[in-house]
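Trainee: Structure provided below as structure tokens; questions to follow.
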Amino acid sequence: MSTPTVIATGTYTLDTTRSTISVSHKAMWGLATVQGTFAAQSGGAEVHDDESASGTVTIGAATLDTANAKRDEHLRSDRFFDTAHHPTISVAVRGATLGADGKTVSIDAQITIRGVTRPQTLTATITETTPDAVTLSTRFEVDRTAYGLSWNWAGMLRGPAVMAATLRFTRS
């Protein structure tokens, strides 16, 4: 039996130097997986007295790095993220509840990509806590076409994109 995690109430700020956000997607008709990382620009959270939480993480859409400059330029174009008109991706947490095991968090979020906002339910795992910080890790799928990222020359892209994040929040 594990001991439930205790996270102090208060305001937390995303530590962008200790947080990572990545994406992977099947390409080349499912024969290859393209992987990339984003840079988180900002974020914060509020842990309430009832142990629920809310917050926001903002990601620079143009920070996507797949280790291929030509591909990254294409992903920034109006065929994909259209970063000239939609420079950020945001995840707004409307509610987060600590699970009975004290180690998982059920998250009700609104994700905005390319100006389109959709609800998303996530499960995160608390990987580290200190009196003044908490680190969460999550992995979830996103249907890119639901956000207007529908370009798919000759059917090269398959299935959903997989997002993974490890986010460190420090108490303000």
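Readers should treat all values here as calculations from the given coordinates under stated rules, not as data from a laboratory. Predicted, not measured: the structure shown is a model, and the values here were computed from it. Using ideal geometry, Cβ is built from the backbone for each residue, glycine included, and neighbour counts are taken over all protein chains shown.
Trainee: Put a dot 7 Å past each Cα toward the Cβ at Arg94 and Val162; how far apart are the dots in nm?
Mentor: The answer from the label model is 2.8 nm.
Trainee: Let me ask something else about it. Suppose each label sits 7 Å from its Cα in the direction of the beta carbon; what would the His74-Glu46 distance come out to in nanometres?
Mentor: About 4.4 nm separates the two model spin labels.
Trainee: Here is a further query. Would you mind checking the radius of gyration and Dmax of segment 94-141 based on alpha-carbon positions, in Å?
Mentor: Calculated on Cα positions, Rg and Dmax stand at 12.4, 37 Å.
Trainee: Here's another thing I want to ask about it. Quickly estimate the mean residue ellipticity at 222 nm for the chain, helices only: each DSSP H run with n ≥ 4 gives -39500 (n - 2.57), and the total goes over all residues, rounded to 500. Walk me through the numbers before you get to the answer.
Mentor: On the way: 1 runs with 8 residues, N = 172.
Computed ellipticity for the chain at 222 nm equals -1000 deg cm²/dmol.
Trainee: Separate question: What length, rounded to one decimal in nm, is gained on full extension from Ala39 through to Asp108, with 0.36 nm per residue of separation minus their alpha-carbon distance? Please list the in-between numbers first.
Mentor: Values: separation 69, 0.36 × 69 = 24.84 nm, distance 2.23 nm.
Full extension from Ala39 to Asp108 adds 22.6 nm.
Trainee: Only Cα pairs under 8 Å and at least 6 apart count here; give the relative contact order of the chain as a rounded whole percent.
Mentor: On the way: 424 pairs, mean separation 46.6, N = 172.
It rounds to 27 percent for the chain.
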